[in-house]
Amino acid sequence: MPTNTHEDAVAANISTFDEEFASKYEKRESQILLSYLFAKNVLEFDPNKSRKSDEESSKLIGDPSQYCNGLTKENTLPNPLTYEKDFPNGLFKPGMKLLDFACGTGMVTELFIPYLKQPGQKSEIVGIDIGPVFLKYFNERAKKYSDENLEMKSYEYDILNPKLEKKVSKFENQFDVIICTISYHHIHNYEIVTQKLASFLKKGGWLFIIDFYNEDVEKIDLSNTNSKNMKVSEAVQHMGGLKKSSLNHVLKNLSGLINVTSSREFKTFIWQPASFIENHSDEQTVNNLKTGKLKQKDFNDEINYLIETSVIYAIGQKP
């Protein structure tokens, strides 16, 4: 069952995402391919274009018979050498400040580095996470990539901890872009977190909330505590809370952002263990797992199952 307080949720997440989890996470095929897709769709975002419809985003990406569905950095991400020409309205420019909130190990973060580094223009990347184990991996990346053209650093902060309020205040009005990938369903008070992140944006800056999207949530009555949004793992707080309307309300009405949109960005195939499927997937997929209808393979002595997954992007801009 999801936990009752923000502090309980923080403790549950720190306990879940330990050294063993982190070491597997870095190597998991699903996380690698998702990282490519997360970065691709942020880099290619054009604020002048309308978001994808459910029909447009319904096509499954990749070939599940291939490693990472056949996706690589080279065939998935924009060419860094021609990025500004190919995506003139793209948000990533040398000299900008990027915040990866709930940054984890930095798998996604490092994919943006080639688009920010340019001689003579100092870019800044900040990672914030509550997990010291994940940040150990992030800091190894920071040490590798930081130089005179890029400052990359991390903070082990719970941004809602009142004891850290003064330290956290230094982030206000600082960032051109903030991303948060597949973490919101782990956050107990995501409404308050969103307001805090909005305060970290510069005027005109953009916030990207990227998470797994369980289409069943649109049918769930969130006032019913016995409904399917009450998941197994204490680290998974409220998949049922991530409805499009809920995210739009939090971004626009509670956080004061403009140009707010929430839509499914893409669907793809991923291999995941049963514990993930039980906590993140729609009812039909869970039933297929229970009835033995899913393809399976062994991954590091753990059985993984092939499923389809959707990803939602909730986006807003600071006025």
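The values are calculated or read from the model by the stated rules, or taken from the named source; none is laboratory data. Just so we're clear, the structure is a prediction, and the values are computed from it rather than from any experiment. Here the Cβ positions follow ideal geometry from the backbone for every residue, glycine too, while neighbour counts run over all protein chains shown.
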Note to self: Step by step: first the residues of segment 141-167, then only those that are without any contact (Cβ under 8 Å) to a residue 24 or more places away in the chain and assigned to a helix (DSSP H, G or I), then the one that is surrounded by the most Cβ atoms within 10 Å (Cβ to Cβ). Which residue is that?
What the structure shows: 164
Notebook entry, point to check: Residues in segment 268-285 that are over 17 Å from the mean Cα position of the chain (by Cα) and not in a strand (DSSP E or B): how many?
Noted result: 8
Check: Which of the residues that make up segment 257-270 are surrounded by fewer than 21 Cβ atoms within 10 Å (Cβ to Cβ), in contact with a Ser or Thr (Cβ under 9 Å, 6 or more places away or on another chain) and more than 23 Å from residue 310 (Cα to Cα)?
Finding: none
Item checked: Only one of 171, 212, 208, 175 that is more than 28 Å from residue 117 (Cβ to Cβ) and in contact (Cβ under 8 Å) with a residue 40 or more places away in the chain -> 212
Margin query: Name the single residue that is modelled with the lowest pLDDT among those in segment 103-122 being surrounded by fewer than 22 Cβ atoms within 10 Å (Cβ to Cβ) and polar (S, T, N, Q).
Written below: 118
Note to self: Suppose we keep only residues that are at pLDDT below 95 and among the aromatic types (Phe, Trp, Tyr) within segment 16-60. Which one would you say is surrounded by the fewest Cβ atoms within 10 Å (Cβ to Cβ)?
What the structure shows: 21
Item checked: Of all residues making up segment 58-100, the number that are touching a Ser or Thr at 6+ places or on another chain (Cβ under 7 Å), of a type in the set (Gly, Ala, Ser) and in contact (Cβ under 8 Å) with a residue 60 or more places away in the chain -> 1
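Let's see how each residue does on (1) more than 17 Å from the chain's Cα centre (by Cα); (2) not hydroxyl-bearing (Ser, Thr, Tyr):
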{"residue": "174", "(1), (2)": "yes, yes"}
{"residue": "181", "(1), (2)": "no, no"}
{"residue": "188", "(1), (2)": "no, yes"}
{"residue": "194", "(1), (2)": "no, no"}
{"residue": "206", "(1), (2)": "no, yes"}
{"residue": "209", "(1), (2)": "no, yes"}
{"residue": "214", "(1), (2)": "no, yes"}
